[in-house]
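Every number in this text was worked out from the coordinates using simple rules, so none of it is lab data. Fair warning: this is a prediction, and the values are worked out from it, not measured in the lab. Glycine gets a Cβ as well: all are built from the backbone with ideal geometry, and neighbour counts include every protein chain shown.
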Amino acid sequence: MKDLWELFVTFVKIGCVNFGGGYAMLPLLERELVDKRKWTTMDDLRDYFSIGQCTPGIIALNVSTFIGEKRAGVKGALVATLGFLMGPIAIILAIAAFLTNFAQYEVVQHAFAGIRVCVCVLIIQAVLKLWKKSVVDPITLAMYLAIFALHAFSGWLSVKIPAAVLVITAGILGIVFSRLKNRKAEGGKA
């Protein structure tokens, strides 16, 4: 029961500062879950982010579910997910109740502009961390460039390529290149 309570409280705190969504949350999640609590590794956290990006829902919420399941099974997944949702729901209800009365004020508009800048910084920081650990050799660089080009320029193509297709393609390419690399390594040993 103590572990479930700790999961709940931890994810309530994380959920309350979930500004900017999943990628902006990566540094906070790393600090809280990898460095401070040692509940997961950075490699596992990156994997959870990758899976969380490909599944329906909020990335950081999906990560909380994965961490909860890893710590305490299905009960842990439910408790961590509920904890993550509690803070944002309360905050959003409070904001919704008052925002319509204050949104037109210049100071509120400037505050939101500042928050957007901060979120951009957090996302760039997360992208750079993911880049360092993901694009590690010429093959992953080539995959990155190909997927980036297809996504970035798909608006100019006659057919727009859905992000899900790009993710599945990248996963398949990762498997194929990994197998080729393993075969090459095994062939070199013989």
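Numbers below:
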| read-out | value |
| --- | --- |
| Extension gain, Glu186 back to Glu6 (0.36 nm per residue minus Cα-Cα distance, nm) | 60.2 nm |
| Leu93-Asp44 pseudo-label distance in nm [points 7 Å out on the Cα-to-Cβ vector] | 3.3 |
| Förster-model FRET efficiency, 25 Å R0, Thr55 and Val17, C-beta, rounded to 0.05 | 0.65 |
| Helical segments meeting 27 Å axial Cα length and Kyte-Doolittle 1.0 threshold in the chain (DSSP H) | 59-102, 106-134 |
| Relative exposure of Ile147, Ile124, judged by other C-beta atoms within 10 Å (fewest first) | Ile124, Ile147 |
| Cα-Cα over 19 Å, subset of Lys38/Lys70; Lys36/Lys70; Lys13/Lys36; Lys70/Lys132; Lys70/Lys133 | Lys70/Lys132; Lys70/Lys133 |
| Calculated [θ] (222 nm, deg cm²/dmol) that DSSP helices of n ≥ 4 give over the chain, each run adding -39,500 (n - 2.57) | -28000 deg cm²/dmol |
